[in-house]
Each structure stands twice: as structure tokens, then as C-alpha cells.
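**Q** Here it is, the structure in full.
The values are calculated or read from the model by the stated rules, or taken from the named source; none is laboratory data. Bear in mind the structure is a predicted one, so any value in this text is a computation, not a measurement. Don't worry about glycine lacking a Cβ; one is built from the backbone with ideal geometry, like all the others, and counts go over all protein chains shown.
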Amino acid sequence: MYEFEATVLADLAALKSQMAALLGQGQPGRLTALEDRLERHEVYLQRIKGFAGALFVLTTIIQVAIDYLWR
């Protein structure tokens, strides 16, 4: 076997082990963990948007009530 072939096979073996760690071998890999974190962040973002919307509505109602009472 030539030196080039040995280098290519070693690189291929390293790539194969890295892909196995990334995707997982029968268990969740790093990619699955990253997808789970992203999903949690999206849920938190939606909650923050909901709270902000409710806060804006409440602020508007209070402001209308104050304007009504001052007249």
C-alpha cells in the first residue's frame, strides 16, 4: 500500500468516527442534542412573544382608561 492510500484510509476512518459521533450509533448524537436545544429556544421565543403581546395590550388598555378618566 502506498503512502497516499494509507493517508486516505486514515482520513476516511477519522471522518467515519466523527460522523458516528455527530449522528449517533443507536443513541442520540450531537446533532439530535442540537436539534433539541433549538426546539427549546423556539418554545421560549414564542412564550416571550406571547408575554410581550399581552403586556402591550394591557398597557394600551391602561392608557385608554387613563385618557378616559382625565376627560
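**Q** Scanning for something among the basic types (Lys, Arg) and in a loop (DSSP other than H, G, I, E, B), does segment 18-33 turn up at least one residue?
**A** No, that holds for no residue.
**Q** Right, here's the next one. Among the residues of segment 18-40, what is the count of those that are out of contact with any Leu (no Cβ under 9 Å at 6 or more places or on another chain) and modelled with pLDDT under 85?
**A** 8
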